[in-house]
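The values are calculated or read from the model by the stated rules, or taken from the named source; none is laboratory data. None of these values were measured; they are calculated from a predicted model. All Cβ positions, glycine included, derive from the backbone under ideal geometry; neighbour counts span all protein chains shown.
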Amino acid sequence: MRFLEKFLLFLFTLLLAALGGCGIWLCFRPIKETLVYADILLNMAYAYRWMVLIGAAVLVLLAVLIFFGVVCARSKHKESSANVVKLGDDGSNAQISTAAVDCIIQQQKLNFTDVVTLESKLVNAPEGTQVILRVNANANANMQELSTNLQNAVKQQLESMVGLKVAAVKVVIADVTAGNNA
């Protein structure tokens, strides 16, 4: 979070705490004293209504700035940086979404009948993208052969179809299911 956002959030929180403290303090005052304070506050608010209007507008503006600065900006930044993978060499500006890469990887499930479910995770690394596959396989499959063939097929497909520089494909057999998935 940037300094200005932290500072605005601090001021807004401090103001809310002060208003809450005043409200609690007024609850324990005698009724006549509370009415005197309320009367003074209302008379001052009426007499200085332009100042009250400006103060209220500043509070609304502060709340809007905090909302758009903190909530919207942070979610937008996460989405743009975490859900894309760089394509090509170091000079390339091309990117592809991880959802698109996952869709391409899911196509491999059709070629491997022993794969029941397939989940992928992509990790950007300096030497290229690392692909981590979590596989639920049939119990009657040769796990070593399935892993090797899946690694080669995914790497070949991503490199030829997308142009993605794949550093490694790691296969994790997460679960084994008895029977066929037909």
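Just to be sure I understand, how many residues within region 129-148 are under 23 Å from the mean Cα position of the chain (by Cα) and either surrounded by 19 or more Cβ atoms within 10 Å (Cβ to Cβ) or without any contact (Cβ under 8 Å) to a residue 40 or more places away in the chain (or both)?
The initial filter retains those residues of region 129-148 that are under 23 Å from the mean Cα position of the chain (by Cα), namely 129-134.
Retained after the next criterion (residues that are either surrounded by 19 or more Cβ atoms within 10 Å (Cβ to Cβ) or without any contact (Cβ under 8 Å) to a residue 40 or more places away in the chain (or both)): 129, 131, 133.
Of the residues in that region, 3 qualify.
Among the numbered criteria (1) in contact (Cβ under 8 Å) with a residue 60 or more places away in the chain; (2) touching a Leu at 6+ places or on another chain (Cβ under 6 Å), which single criterion is violated by L9?
Among (1) in contact (Cβ under 8 Å) with a residue 60 or more places away in the chain; (2) touching a Leu at 6+ places or on another chain (Cβ under 6 Å), L9 violates only (2).
Of these, L14, L42, L8, L35, which one is modelled with pLDDT under 85 and either on the phi > 0 side of the Ramachandran plot or among the aliphatic types (A, V, I, L, M) (or both)?
Numbers: L14 fails: modelled with pLDDT under 85; L42 fails: modelled with pLDDT under 85; L35 fails: modelled with pLDDT under 85.
Going through L14, L42, L8, L35 in turn, just one is modelled with pLDDT under 85 and either on the phi > 0 side of the Ramachandran plot or among the aliphatic types (A, V, I, L, M) (or both): L8.
Residue by residue through region 158-180, note down the ones that are out of contact with any strand residue (DSSP E or B) (no Cβ under 7 Å at 6 or more places or on another chain) and within 16 Å of K86 (Cα to Cα).
S160, M161, G163
Okay, residues lined up against (1) within 16 Å of D175 (Cα to Cα); (2) part of a helix (DSSP H, G or I):
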{"site": "V101", "(1), (2)": "no, yes"}
{"site": "T113", "(1), (2)": "yes, no"}
{"site": "V123", "(1), (2)": "no, no"}
{"site": "T129", "(1), (2)": "no, no"}
{"site": "R134", "(1), (2)": "yes, no"}
{"site": "N140", "(1), (2)": "yes, no"}
{"site": "T148", "(1), (2)": "no, yes"}
{"site": "Q151", "(1), (2)": "no, yes"}
{"site": "Q157", "(1), (2)": "no, yes"}
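Just the residues that are modelled with pLDDT under 75 and surrounded by 15 or more Cβ atoms within 10 Å (Cβ to Cβ), please, taken from region 86-103.
Filtering region 86-103 down to residues modelled with pLDDT under 75 leaves 86-93.
Once the filter is applied, which keeps residues that are modelled with pLDDT under 75 and surrounded by 15 or more Cβ atoms within 10 Å (Cβ to Cβ), region 86-103 yields K86, L87.
Can you report the number of residues in region 56-85 which are among the polar types (S, T, N, Q) and either farther than 27 Å from L122 by Cβ or modelled with pLDDT of 60 or more (or both)? Walk me through it before giving the result.
Just the residues of region 56-85 that are among the polar types (S, T, N, Q), to begin with: 75, 80-81, 83.
Of the ones still in play, those that are also either farther than 27 Å from L122 by Cβ or modelled with pLDDT of 60 or more (or both) are 83.
Of the residues in region 56-85, 1 are among the polar types (S, T, N, Q) and either farther than 27 Å from L122 by Cβ or modelled with pLDDT of 60 or more (or both).
Considering only residues that are of a type outside the set (A, V, I, L, M), surrounded by 11 or more Cβ atoms within 10 Å (Cβ to Cβ) and part of a helix (DSSP H, G or I), which ones fall in region 23-48? Break it down into steps so the answer makes sense when it comes.
Within region 23-48, the subset of a type outside the set (A, V, I, L, M) is 23, 25, 27-30, 32-34, 37, 39, 43, 46, 48.
Among the residues that remain, those that are also surrounded by 11 or more Cβ atoms within 10 Å (Cβ to Cβ) are: 25, 29, 34, 37, 48.
Passing the criteria: W25, T34, Y37.
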